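The values are calculated or read from the model by the stated rules, or taken from the named source; none is laboratory data. Keep in mind that this is a model prediction, so the values were computed, not measured. Please note: Cβ atoms are built from the backbone with ideal geometry, for glycine as well, and neighbour counts cover all protein chains shown. Note: areas computed on protein heavy atoms with side chains; ligands, DNA, RNA excluded. Shrake-Rupley method; radii C 1.70, N 1.55, O 1.52, S 1.80 Å.
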Amino acid sequence: MTTIDISSRAVEIAPGVFWVGVLHRDRAIFDSFMSLPYGTTYNAYLIRGKEKTALVDTVSPEFGELLLKKIAGLVKPEDIDYVVMNHAEPDHGGSIPRVLSVAKGAKLVASQKGVGMAKLYYDVPGDRTIAVGEGDTLDLGGKTLKFIDAPWLHWPETMFTYHLEEGVLLPCDFFGAHIAPDSIFEDEVGDIVLSEAKRYYAEIMMIFLNPIRKALEKVDKLDIRVIGPSHGPVYRSPWRILEAYKKWAIGPLEPKVVVIYVSMYGNTAILEKAVVEAVEEEGVEAVVYNMVSADISHIVNDLVDASAIIFGSPSFYGGAHPRLASAVELIRTIKPRGKMVAIFGSYGWGGGAAKEIKKRLEPAGFEIIETLEIQGPAREEATERAAALGKTVAHRVKALATSVP
Ligand code: FEO
């Protein structure tokens, strides 16, 4: 176990490769979306060759001075030759202006699109940039950086940096997790790393399924000994996160249904209980979220490997309840792999929730298996129909599981 205080110190993660990132332990939410019970880190890495020094990524702007202080424990910041920008988003690129103001001779290295974004976001002039593409290399003197295009992971300009000699992959957001740990090494942190990496994958990556699969193919061809993402711990056993990503992006879906509902007078809640009971009686897992109190980042986490989604909404002035509608909108946007959907709910006089949800989801490729709207109180016949809906979904989920080779 690392005993040094990593909040103020650099950590060598491979010969000549140093983590110089910062901890943001009291950050509570990311993208105004994802709750951060363990805070986060902004990881930057300093790589020293015999002749040149490169800084790969920077940190959120409010931590720029701390980054420079950490670098100063290793080299004079003004001696940095290259600042590699894997990704322009401000949590990583935000300290580029500060670093370049100190390292006056340094060039910014980025993808072609990245160079444009560096100008837009950080006002980096063209004569201080070097554009690189797939397979291009940068020789630091006995240490070679190779660049790998990784568009959309997580912005269109994103690339990975791979240290050839040491087998260190620095993929920015890819493989990240929002945790501000006591040790920077994943094997010294514990099981929360992979569970938080999954939640991170759900929010940031899942929408980009094809780019993820392409990147995994590229990564598979590399000899990787260490993975240093831009959030959370560094993997000295890279297979752990590689296998997890393959499972989430390529592996079979789980026999699991996510049930998301909200109820106003308790009738939709009665239907929800009947649906869930029926799903579970069929041996299929049901994970239930009540939108009155649910954390939406936990919902998307479950959608990484769920086979189906069941929405329960009372009709609210002719449409879905607004709290439920926000979940529908989110799910439509993030595109989970499991696209089977059923909808249930109650209404007082006119209905309309199921129709509205269907209208939003079908054009986005979701298959609406069944809808059920009950007028008035959820009495016995209504709960029987809700149970039948639950069984229909469970049967489809089981059929999906058996159809996967
Ligand atoms: Fe961690 Fe896409 O920035």
(request) Residues being of a type in the set (Ser, Thr, Tyr), within 26 Å of Ser32 (Cα to Cα) and away from the ligand (no atom under 13 Å from the Cβ): count how many of those fall in the range 165-223. (result) 1
(request) Return yes when Ser307 is more than 29 Å from the chain's Cα centre (by Cα), among the polar types (S, T, N, Q) and crowded, with 21+ Cβ neighbours inside 10 Å and no when it is not. (result) no
(message) Please pick out the residue among Leu222, Leu271, Leu209, Leu194 that is touching a helix residue (DSSP H, G or I) at 6+ places or on another chain (Cβ under 6 Å) and surrounded by fewer than 18 Cβ atoms within 10 Å (Cβ to Cβ).
(response) Leu194
(message) Out of everything in the range 242-252 that is open to solvent by less than 40 Å² (accessible area, probe 1.4 Å) and within 20 Å of Pro336 (Cβ to Cβ), what residue ends up being farthest from the ligand (Cβ to nearest atom)?
(response) Gly251
(message) Condition first: under 23 Å from Gly283 (Cβ atoms) and either surrounded by fewer than 24 Cβ atoms within 10 Å (Cβ to Cβ) or assigned by TED's automatic domain parsing to the domain that holds Val288 (or both). Can you find one or more residues in the range 311-328 that meet it?
(response) yes
(message) Which of the numbered conditions does Gly232 fail, given that it passes all the others? Conditions: (1) buried (at least 18 other Cβ atoms within 10 Å of the Cβ); (2) within 30 Å of Glu373 (Cβ to Cβ).
(response) (2)
(message) I'm trying to understand the selection: among the residues of the range 147-169, which are modelled with pLDDT of 95 or more, under 19 Å from His87 (Cβ atoms) and in a loop (DSSP other than H, G, I, E, B)?
(response) Ala150, Pro151, Trp152, Leu153, Trp155, Pro156, Glu157, Thr158
(request) Considering every residue within the range 38-47, establish whether at least one is farther than 24 Å from Ser183 by Cα and not in a loop (DSSP other than H, G, I, E, B). (result) no
(request) Please go through the range 5-64 and pick out each residue that is open to solvent by 20 Å² or more (accessible area, probe 1.4 Å), within 21 Å of Ser195 (Cβ to Cβ) and of a type in the set (Ser, Thr, Tyr). (result) Ser35, Tyr38
(request) Pick out, from the range 59-146, the strands (runs of 3 or more DSSP E) lying fully within it that include 1 or more residues that are in contact (Cβ under 8 Å) with a residue 60 or more places away in the chain and within 16 Å of the ligand (Cβ to nearest atom). (result) 82-84
(message) Filter the range 342-375 down to the residues that are within 23 Å of the chain's Cα centre (by Cα) and of a type in the set (A, V, I, L, M, F, W, C) and list them by number.
(response) Leu361, Ala364, Phe366
(message) Quick check on my filter: what residues within the range 290-347 are among the basic types (Lys, Arg) and at pLDDT below 95?
(response) Lys335
(request) Could you tell me which numbered condition Ser293 fails, if it satisfies all but one of (1) surrounded by fewer than 22 Cβ atoms within 10 Å (Cβ to Cβ); (2) within 30 Å of Trp349 (Cα to Cα); (3) touching a residue at least 24 places away in the same chain (Cβ under 8 Å)? (result) (3)
(request) Report the residue count in the range 149-164 for those that are more than 16 Å from the ligand (Cβ to nearest atom) and surrounded by 24 or more Cβ atoms within 10 Å (Cβ to Cβ). (result) 1
(request) Considering every residue within the range 121-128, establish whether at least one is open to solvent by less than 30 Å² (accessible area, probe 1.4 Å), under 24 Å from the mean Cα position of the chain (by Cα) and in the same structural domain as Met34 (by TED's automatic domain parsing). (result) no
